[in-house]
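The values are calculated or read from the model by the stated rules, or taken from the named source; none is laboratory data. All values reported here derive from a predicted model rather than from experimental measurement. FYI the Cβ positions are ideal-geometry reconstructions off the backbone, even for glycines, and counts take in every protein chain you see.
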Amino acid sequence: MNVAASMPSAANKLKSTRMAGKLVNDYWEMVWRAKEEGKLVCWYEGSAINPFLEAADIVWVHGEAYSAMLAARHLEGPAQAAAEERGYMKELCSYARTHLGCAVTNQRTRNDTDTGVTGAPDDADIAARLPEPDMIISAYAYCSTGQQWDEMTSRLFGKKIPIFNVSIPWMWASKKDAGYLRGQEWDETSRYVARQLDDMVKFIEERTGKPYPWDRLRELMANVKRASELRLEAMDMCTAHPAPATFFDWVVSIAPINNLPAGPQIVDYFTAVRDEVADRVKNGVGGIGREKYRLFFDGIMNWNKVGWLAEKFARYDAAVVVGRYTHMAFWQEPDLIDARDPVLGMAQNFLICPNNHASPILIELIMDLCKKYEVDGMVIHASRTCRAFTNPQFLIADSASKRLGIQTTMFEGDVTDESFYKDELLNSRVEAMLEAIDQRRLVAA
Amino acid sequence: MSDEIMDRFRQVATHPLAYAQEWKARTGGLVIGSFPMNFPGELVHAAGALPMIIQESEEQITVGHGLLFPFYCGFTRSTVDQAAKGDLAVLDAIMFGDHCVQLLGAADAVRVALPDTRVIFFQLISSMCDPWTFGRARESFMELRGELEDFLGRSLDDAALHGSIAVFNRNRQLIRRIYDMRTAGLAPLSAKQMQYVVKSSMVMDKAEHTALLELLVAELEERVPTVSRALRVHLSGHFCQAPKPEILDMIEGCGAIVVGDDLYHGFRYISTDVDEAGDPMDALAKWYMARNTGVPCPTRVQNDVDWDGYLLDAMRKEKADGLIVLMAKFCEPHMYYYPEVKQAFEKNDVPHLLIETEHESMALEALKTRVETFFEIIKRRQAARPLELQAS
């Protein structure tokens, strides 16, 4: 099914999420002004260490967020081209490739390296506007790519930028007492990560030349905790039939919870979101025009196609009500955070990123979500260059089918490289899955 | 004699699981598999079991593609395929600690495919120059040792570990001797034969392997050096699986000899010994760190060593004429670092060629054309150098 641009939208997006657009724009403007304003800039990937940086008045740039922003605006091309000219191959994580392309472009505009064939960027080239870092912090759970990406960024800048690594181990969960948020492995690994975060703070102090402002971190984390609670409250309300919001509303809400300034505005944002969701539940308003199917979305987002996919599923009358990327990430355990002494709780939230539990625990969490939201089917985004997410997907599909009897389907795509997305495959596979769901319902009736 | 020894190495290298079966039947012992790259087999050896590094199979991947996607490296897909087909049933347990995202995915799939096989993992720190790197590496090896003891139902004592370290060191030293002899033209081993030597060491009982190596080295040392006029080539890449022998044959068949490498199934595996004095767990942690300082691997991050610099040095020491980079398709660590190598080699005007290799069949004739052209370019550039420089 092709989505005609002239047809009215079938996706009934949350209106409150429009605020996110302004918050995001304001944040990136802040980033682009950083050097003019004499601010230190930190590049980081993976774990949301930004409150640590914000507290110290360092401007933070989350590599994935920058790449996602470029892709969502369909401006990723020049950065990816620059990366390929440098020698980074297409099969590399496209988040990394896009961000490294920004670094390559940055080097070229500063005439620090040999020129390539891309040419000088113009003002519209957002990739070229990313300010170079004064420090790099790598704190990446599960995916080895993240740490290697940061190391290569450091080398692209001639190893002149100080770099700090926080190692966040994968939770293999083989000990007898292992479980979600419990067990010896959990306790010891939490403390290991927390100790490194304390050392990271010392690194920040060395960069700023000032004592670390712990009070400011506490203040920011209090906001993050509250924002998270509101977000989870709103998500929980989507167990209603029809679901008042969809996975795509939560995708749009990632930036406010993950990498935007953690001032009171994020509490305001999620308060507005929660209130709108509550209102929709009260009035029986759904996140799509007509909810005939409820789906789980596994995999990372395809940032070139957010709106496209939201509309597509809505036109299939399929409410994507829950997903691993949105519901098992981004400060999803706010109760762990003690705002008065936040480091351990932050470390623990970093440990529970959506990929960082091995399959025994990961699959249980996903099955629980499928039951909670009463899903009929599962759509799995096999992101070509994000193997962190694709690793357990066959295991997840198998469990969903055998344990819960729900239909699954997969489609190819990617995080920020549009060339890997195959629209017709998605169409035919989703249609087949929905037909299978219809058949099951007929038989059950 | 050396032909017989090489043939034995070839047999084991090409049929590793068959060797494991035969060893088990012969000794009644346990076989513990490990994934590449840094798991210390000494721990398993000290426990009286056979440590065996799991190898990529030559078979096409079939059922494995129901567990891992086709856009994963050949090693991970092959390992999962072997597990799903039951080929790894000979292993009594699998142990590893390395952090590569595709390896982690493979481990999860193997755990599901082999529910009755204990898979033991504790993540090794991959950031190599942090103040806590040594401590964490030691802790990781202690955890792995503890799990191994739990699995076997007995403790592993330090004296046994010291003994195993000595055995492994001797094996590594002998293979390094062969490497030195090959570089100096004293050991006419092809790249494929060298791979058999190293790969069989990854699989065989170390004492058995060392006994054969001693004989081989003694025989090679009695040989008269041969002078070869072929181009001298260094091979680089492949951090987990062995390059296919036909690629190695093809490269040498185009008129080169491989005088050095930093392949995992090559110098990388045997580059570094473990300190035989002092606390053995300290020694293993230091070995883990020293391995990467000695032969940097892009699967680790270590800002104070440069793999590109290492390669340029290796080229000089080996008097190599050109570098051939063998990149396993979908190997992310290699894809990340390769532009640095490319830039360094271009800047230093050292000829190099990138070949992307695959688990599935490759168009060897097309690769051969590229390699032949590469060698022609090297020869023309050498011929065009001023006479006094040609002599140097």
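Within segment B:329-345, the set of residues being more than 7 Å from chain A (Cβ to nearest Cβ) and either of a type in the set (A, V, I, L, M, F, W, C) or on the phi > 0 side of the Ramachandran plot (or both) comprises B:Cys331, B:Val341, B:Ala344, B:Phe345.
Residues are listed down the side, and each one gets a yes or a no for (1) modelled with pLDDT under 95; (2) outside any loop (DSSP other than H, G, I, E, B); (3) within 14 Å of another protein chain (Cβ to nearest Cβ):
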| position | (1), (2), (3) |
| --- | --- |
| A:Ile161 | no, no, yes |
| A:Asn165 | no, yes, yes |
| A:Lys176 | yes, no, yes |
| A:Thr189 | no, yes, yes |
| A:Gln196 | no, yes, yes |
| A:Asp199 | no, yes, yes |
| A:Glu206 | no, yes, yes |
| A:Arg216 | no, yes, no |
| A:Glu233 | no, yes, no |
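Highlighted here are the strands (runs of 3 or more DSSP E) found entirely within segment B:38-123 that include at least 1 residues which are in contact with a strand residue (DSSP E or B) (Cβ under 6 Å, 6 or more places away or on another chain) and within 13 Å of chain A (Cβ to nearest Cβ): B:93-96, B:118-121. In the set (1) surrounded by fewer than 21 Cβ atoms within 10 Å (Cβ to Cβ); (2) assigned to a helix (DSSP H, G or I), A:Glu291 fails one condition alone, (2). Restricting attention to segment B:124-135 and to residues that are touching a strand residue (DSSP E or B) at 6+ places or on another chain (Cβ under 7 Å) and of a type outside the set (Val, Ile, Thr), the residue that is nearest to B:Phe151 (Cα to Cα) turns out to be B:Ser126.
Within segment A:338-372, restricting attention to residues that are in a loop (DSSP other than H, G, I, E, B) and under 17 Å from the mean Cα position of the chain (by Cα), the residue that is surrounded by the most Cβ atoms within 10 Å (Cβ to Cβ) is A:Asn355. For segment A:307-327, which residues satisfy the criterion of being touching a helix residue (DSSP H, G or I) at 6+ places or on another chain (Cβ under 6 Å), within 23 Å of A:Ala388 (Cα to Cα) and aliphatic (A, V, I, L, M)? Listed by number, the residues that qualify are A:Val320, A:Val321, A:Val322. Being surrounded by fewer than 16 Cβ atoms within 10 Å (Cβ to Cβ), modelled with pLDDT of 95 or more and within 29 Å of B:Phe330 (Cβ to Cβ), is that true of even one residue in segment B:41-55? No; the residues of segment B:41-55 include none that is surrounded by fewer than 16 Cβ atoms within 10 Å (Cβ to Cβ), modelled with pLDDT of 95 or more and within 29 Å of B:Phe330 (Cβ to Cβ). Scanning segment A:175-203 for residues being touching a Lys or Arg at 6+ places or on another chain (Cβ under 9 Å) and touching a residue at least 12 places away in the same chain (Cβ under 8 Å) gives a total of 2.
Annotation note: of B:Ala328, B:Ala314, B:Ala344, the sole residue that is surrounded by 15 or more Cβ atoms within 10 Å (Cβ to Cβ), farther than 30 Å from B:Phe71 by Cα and under 25 Å from the mean Cα position of the chain (by Cα) is B:Ala314. The single condition from (1) of a type outside the set (Val, Ile, Thr); (2) more than 20 Å from B:Tyr269 (Cα to Cα); (3) more than 10 Å from every other protein chain (Cβ to nearest Cβ); (4) not in a helix (DSSP H, G or I) that B:Cys129 fails is (3). Within segment A:45-75, the only residue that satisfies the criterion of being farther than 17 Å from A:Trp32 by Cα, part of a loop (DSSP other than H, G, I, E, B) and modelled with pLDDT under 95 is A:His74.
There is at least one residue in segment A:425-434 that is of a type in the set (A, V, I, L, M) and surrounded by fewer than 19 Cβ atoms within 10 Å (Cβ to Cβ).
Considering the conditions (1) at positive phi; (2) over 18 Å from the mean Cα position of the chain (by Cα); (3) within 11 Å of chain A (Cβ to nearest Cβ), B:Asp349 is excluded by exactly one of them, (3). Output yes when any residue across segment A:243-255 is away from every other protein chain (no Cβ under 11 Å), surrounded by fewer than 17 Cβ atoms within 10 Å (Cβ to Cβ) and either over 30 Å from B:Val341 (Cβ atoms) or modelled with pLDDT of 95 or more (or both), and no when none is. No. When B:Leu353, B:Leu326 are checked against the criterion of being closer than 23 Å to B:Val101 by Cα and assigned to a strand (DSSP E or B), a single residue qualifies: B:Leu326.
Taken over segment A:36-52, the criterion of being of a type in the set (A, V, I, L, M, F, W, C) and buried (at least 21 other Cβ atoms within 10 Å of the Cβ) is satisfied by A:Cys42, A:Trp43, A:Ala48, A:Ile49, A:Phe52. Across segment A:127-148, the qualifying residues are those that are part of a helix (DSSP H, G or I) and touching a strand residue (DSSP E or B) at 6+ places or on another chain (Cβ under 6 Å), and the one among them that is nearest to the other protein chains (Cβ to nearest Cβ) is A:Gln147.
Scan segment A:390-428 for residues that are among the basic types (Lys, Arg), modelled with pLDDT of 95 or more and closer than 30 Å to A:Gln80 by Cβ and the total you get is 0. If you go through segment A:314-336 and keep only what is assigned to a loop (DSSP other than H, G, I, E, B) and buried (at least 23 other Cβ atoms within 10 Å of the Cβ), you end up with A:Phe330, A:Trp331.
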